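Contents: one structure, followed by commentary.
Where a number appears in this text, it was derived from the coordinates with a stated rule and is not lab data. All values reported here derive from a predicted model rather than from experimental measurement. With ideal geometry, Cβ positions are generated from the backbone for all residues, glycine too; neighbour counts draw on all protein chains shown.
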Amino acid sequence: MQESNILLRDLDDEGILRLTLNDTGRRNALSEAMLAELGGAFAEAGVNRSVRVVILAATGPAYCAGHDLKEMTAGRAGPDRGKAYFAKVMAQCSALMQAIVNCPKPVIAEVTGIAAAAGCQLVASCDLAIAANTAQFNTPGVHIGLFCSTPMVALSRNVSNKHAMEMLLTGDMTPAVRAAEIGLLNYAVAPEALQEVTMAIARKIASKSSMTLATGKRAFYAQREMPLAQAYHYASGVMVQNMLAHDAEEGIGAFIEKRAPQWQDA
């Protein structure tokens with residue numbers, strides 16, 4: 001896999017791809033370059049049969065500081081006061097968040113530090129999120145006159161309306177333990193145990209049929225946006241097709257025969 005200085009890539013022999021934000025000088029901000037690197041990495045991971053699970057980690061004290069505000073400010077230099085530039089960056093960021101959701105491989109955020117604004121959005125967009133109990137999360141746009149409207153999309157799909165609105169309206173830091181309580185995280189663990197816990201979950205997921213995981217992830221996000229009756233109709237059709245797949249037949253047979261399944265990821 002191609003590697004850059006600001007995004008490190010490491011694929012182990014169990015199919016676990018670790019993507020590490022590594023632009024500590026900019027607090028791992030979602031600069032144009034970082035957005036492009038992440039977009040390319042997730043596109044590649046989605047089609048690489050060797051990748052079974054993706055972990056999104058970071059170096060330094062900040063997990064991700066959100067958009068690069070110096071870069072955004074420089075974009076105001078145009079005659080339209082930056083309108084076209086801002087639209088381009090927001091579209092690029094929104095495409096990345098959707099690429100994470102649409103990636104057929106499960107994505108786990110491993111959070112060591114502060115995840116702010118679009119950085120909080122990045123965590124919320126992942127399928128699972130595990131953080132050190134020293135990590136913090138916020139959507140601080142209100143402090144600078146800029147409501148975190150795009151982070152709101154991912155945040156409000158993870159936590160309840162009132163918890164989301166509290167974060168959005170106050171901009172206050174939410175400690176990791178509280179973030180786990182309201183549903184933004186799966187777990188908040190001791191910093192020294194973070195990678196061990198994340199890897200244990202990643203290995204457990206990587207041992208499953210990748211066809212089954214891709215089917216389920218796609219169906220989960222699709223049915224969530226549907227009315228109840230439509231969701232059941234859709235999910236029933238998914239189950240029928242899943243039952244006809246090789247790995248479902250193999251998995252059920254292995255369970256009945258009390259043996260380990262041999263996945264073909266098909």
Sum -39500 (n - 2.57) across every DSSP H segment of at least 4 residues in the chain, then divide by the residue count to get the 222 nm mean residue ellipticity, nearest 500. -15000 deg cm²/dmol
Principal axes of the range 158-262: Cα extent on each, largest first, Å: 53, 41, 17
Listed with the fewest Cβ neighbours within 10 Å leading, PHE42, PHE147, PHE86 appear as PHE147, PHE86, PHE42
Distance between the range 108-186 and the range 1-55 - C-alpha centres, whole angstrom: 21
May I ask you to list the aspartates and glutamates whose Cα is less than 12 Å away from that of LYS70, ignoring any residue fewer than eight positions away on the same chain? GLU32
Exposure proxy check: SER210, SER156 ranked by fewest other beta carbons within 10 Å? SER156, SER210
Scanning the chain for GluC sites (Glu not before Pro) in DSSP loops with at most 10 other Cβ atoms within 10 Å, what's the longest stretch left with none? 1-224
Computed over the chain: relative contact order in percent, which uses C-alpha pairs under 8 Å that are six or more apart: 15
At 25 °C in a medium of viscosity 0.890 mPa s, the chain has a Stokes-Einstein diffusion coefficient, with Rh taken as the Kirkwood radius over alpha carbon pairs, in µm² per second, of 126
